[in-house]
Amino acid sequence: MARKEEAPNMVERFAEFKELKNIDKSTMVSVLEESFRKVLSNMFGTDENLDVIMNPDKGDVQIFQNLEVVPDGKVTNPNLQISLSDARLDNDPDAEVGEEHTKEIFFADFGRRAILNLRQTLQSKILDLQKEAIYAKFKELEGQLVTGEVYQTWSRETLLLDDDKNELLLPKSESIPGDYFRKGETVRAVISTVDNKNNNPKITVSRTSDAFLRRLFEQEVPEISEGLINIRAVARIPGERAKIAVEAYDDRIDPVGACVGVKGSRIHGIVRELRNENIDVINYTANPELFIQRALSPARIQNIRIDSEAMKAEVFLRPEEVSLAIGKGGLNIKLASRLTGYTIDVYRDTDESFEEDIYLDEFSDEIDAWVIEALKNIGCVTARDVLKMPRQEIIDRADLEEGTVDDVISILRAEFEEDAKPAEQAEEPEQTAAEPEAAE
């Protein structure tokens, strides 16, 4: 009677396990067989002579015990041996001593305690499998965007649940200043770390990492997700300001314009997501001088000296441009340094001759735009930048024809009262409050 009562319950249990997510069918069959063998081994002392055949589609299992046939009265271990008369009575009339007799056993016959042990073993193994599957799944998703619903908020962290009810932890330290979440609210973040200490997966998400800004741009700007525009560098001070350098693989695409969108339509959504974080999008260039100049925008640089080996840059500006370069609270120079990878020192240039300098863009009527761009790419932003540089160096570095360089020098010199190159600065420029450590 016990078999009839318990067997249907076992079938229901198998059906339940079969529907578990993140566990494939073959793995499920292996776990079921392993669980049966573990319980049977505890009962019989061994499972070496047991065949466990799983049929998860039907939700049942067959267990066969292989026993050695011995003469009557010579059975020393009933778990490994069977007497000749018992073997012949058990549907094997032709059994002989020394042969192997296969006997089907029914797990339900062992009572409720055995079935309870099996269920507990199964539940433990299934739980371990689920945890391993969750860890493997989210480990592959590190750095990717994820959406979760706020389930509970504490002083130091917020618990989110994704669509599959997996728990995501958003620490206070990984939240943007000004973040305030209500229960049931949908929150976006990136998966920052996935740990599996003691087989207990812990998924931590972040809204302050640079990767979060990258993923938001990938989501909002189709050209980035399609691979037409590449994000080369990102620097953020969460909730305050960010700089992002982009480049296009197609010259017909304006990467900055594509990221900003018509009337800021694309970037406005990102800014709102980041609690009104101010975002500067600039064109990336492999030329360090020009890249640093763009990174320090809106300040306009007079001159720059680069030490590529030490990854340091000395930037010289007009007095009124210094505060723009440093930015409020030093934010601008910090972000520029992080974006470019250079330690940037800002200096106030006191040479009065620079007051007479002229930006190359103002010569667009006399000098072709592509020539001006080539000069900018070697760090020459103003007329005096060009006039200070040796003629041959301009030809070599800007890859311009000699005649073109001579024409440019002639046009620029004509704008000043004297044709000679300006004298070198008489004294060292005064260093501002922007110390190297301020750039981080």
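The values are calculated or read from the model by the stated rules, or taken from the named source; none is laboratory data. Because the structure is a prediction, the values reported are computed rather than measured. For neighbour counting, all protein chains shown are included, and Cβ atoms are generated from backbone atoms with ideal geometry for every residue, glycine included. Side chains included, ligands, DNA and RNA excluded: accessible areas come from the protein's heavy atoms. Shrake-Rupley method; radii C 1.70, N 1.55, O 1.52, S 1.80 Å.
For the reader, a short list of remarks on this structure follows.
- Added length on full extension, which subtracts the Cα-Cα distance from 0.36 nm per residue, Glu132 to Gln152: 4.7 nm
- Full extension of the chain between Gln120 and Glu100 gives 3.9 nm of extra length, using 0.36 nm per residue less the Cα-Cα distance.
- Couplings 3J(HN,Hα) for the stretch 378-385, derived from phi with the Karplus relation 6.51 cos²θ - 1.76 cosθ + 1.60 (θ = phi - 60°), are 9, x, 9, 9, 10, 4, 5, 4 Hz, where x marks Gly and Pro.
- Between the stretch 253-278 and the stretch 26-47, the Cα center-to-center distance that results, in Å: 58 Å
- Asp361 sits with roughly 70 Å² accessible to a 1.4 Å probe, with DNA, RNA and ligands left out of the calculation.
- With a simple spin-label model that places each label point 7 Å from the Cα along the Cα-to-Cβ direction, the separation between Arg113 and Thr76 comes to 2.8 nm.
- Unit charges at the beta carbon, dipole of the chain: most positive-side option, Ala398, Leu159, Pro255: Leu159
- Alpha-carbon centroid distance for the pair the stretch 284-333 / the stretch 390-411, whole angstrom: 25 Å
- Amide H contacts of Glu157 (H built 1.01 Å from N, under 5 Å, at least 5 apart or other chain): Lys172
- Counting only DSSP beta bridges with both residues in the chain, the antiparallel share comes to about 75 percent.
- Placed amide H near Asp60: partners under 5 Å, 5+ positions off or other chain: Asn55
- Relative to the compact-globule estimate of 2.2 N^0.38 Å, the Cα radius of gyration of the stretch 197-331 comes out at 1.21.
- Beta bridge orientation in the stretch 111-221: antiparallel %, DSSP, nearest 5: 95 percent
- In the stretch 195-348, the DSSP beta bridges split such that about 55 percent are antiparallel, to the nearest 5.
- Per-residue Karplus couplings for the stretch 89-103, computed as 6.51 cos²θ - 1.76 cosθ + 1.60 with θ equal to phi - 60°, are listed in order as 6, 9, 6, 9, x, 9, 4, 10, 4, x, 7, 9, 10, 9, 10 Hz, Gly and Pro entered as x.
- When each of the peptides 33-46, 98-111, 198-211 is scored by how many other beta carbons lie within 10 Å of its residues on average, the order from highest to lowest is 198-211, 33-46, 98-111.
- Surface accessible to a 1.4 Å probe, Tyr359 within the full protein complex, Å²: 20 Å²
- Spatially close Lys pairs in the stretch 165-301, defined by Cα atoms under 20 Å apart and a spacing of eight or more places or different chains, total 5.
- Karplus-based coupling profile of the stretch 272-289, in residue order and whole Hz: 5, 4, 8, 6, 6, 5, 6, 10, 9, 9, 10, 7, 6, 9, 6, 7, x, 4, with θ = phi - 60° in 6.51 cos²θ - 1.76 cosθ + 1.60 and x standing for Gly or Pro.
- A full extension of the chain between Ala310 and Asp368 corresponds to an added length of 17.4 nm, given 0.36 nm per residue minus the alpha carbon distance.
- Amide H contacts of Ile358 (H built 1.01 Å from N, under 5 Å, at least 5 apart or other chain): Ala383, Arg384
- Stokes-Einstein diffusion of the stretch 197-246 at 25 °C, 0.890 mPa s viscosity, Kirkwood radius from Cα pairs, rounded to a whole number: 196 µm²/s.
- Residues Val97, Val346, sorted by accessible area with the largest first, give Val97, Val346 [1.4 Å probe; ligands and nucleic acids excluded].
- When the alpha carbon gyration tensor of the chain is reduced to an equivalent ellipsoid, the three semi-axes, largest first, read 78, 23, 18 Å.
- Protection proxy ranking of 251-258, 187-194, 284-291 - average other beta-carbon atoms within 10 Å, highest first: 187-194, 284-291, 251-258
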